Amino acid sequence: MEILAWLCGHSRQQAAELLDRLAMTGVLTAWQHDRDADEALWQLPHTGGRSIATLQPPIHR
């Protein structure tokens, strides 16, 4: 988590809030902080075999 926060240029609190927002918006299915290993673990949504990079962004009208 410390490295993730550092790479993002955030505090640990800000990195956790960012991961929370990504989960709330559906970019991540879930995430958790393994405090023993100090690792952030996350799960990406199932995209039916397609890479998330190939998905079209939503159209806002």
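Going through region 14-39 one residue at a time, which ones are open to solvent by 100 Å² or more (accessible area, probe 1.4 Å) and part of a loop (DSSP other than H, G, I, E, B)? Listed by number, the residues that qualify are Thr25, Arg35, Asp36. Residues in region 40-54: is at least one at pLDDT 90 or above and open to solvent by less than 60 Å² (accessible area, probe 1.4 Å)? The answer is yes; a qualifying residue exists. Of all residue pairs spaced 6 or more apart or on separate chains, those with beta-carbon atoms under 9 Å, a first member in region 1-13 that is surrounded by 12 or more Cβ atoms within 10 Å (Cβ to Cβ) and a second member that is in a loop (DSSP other than H, G, I, E, B) and among the hydrophobic types (A, V, I, L, M, F, W, C) are Arg12/Met1.
The values are calculated or read from the model by the stated rules, or taken from the named source; none is laboratory data. Owing to the predicted nature of the structure, the values given are computational and were not obtained by experimental measurement. Positions of Cβ are generated from backbone atoms using ideal geometry, with glycine treated the same way; all protein chains shown enter the neighbour counts. Heads up: the accessible areas ignore ligands, DNA and RNA and are worked out on the full protein's heavy atoms, side chains in. Shrake-Rupley method; radii C 1.70, N 1.55, O 1.52, S 1.80 Å.
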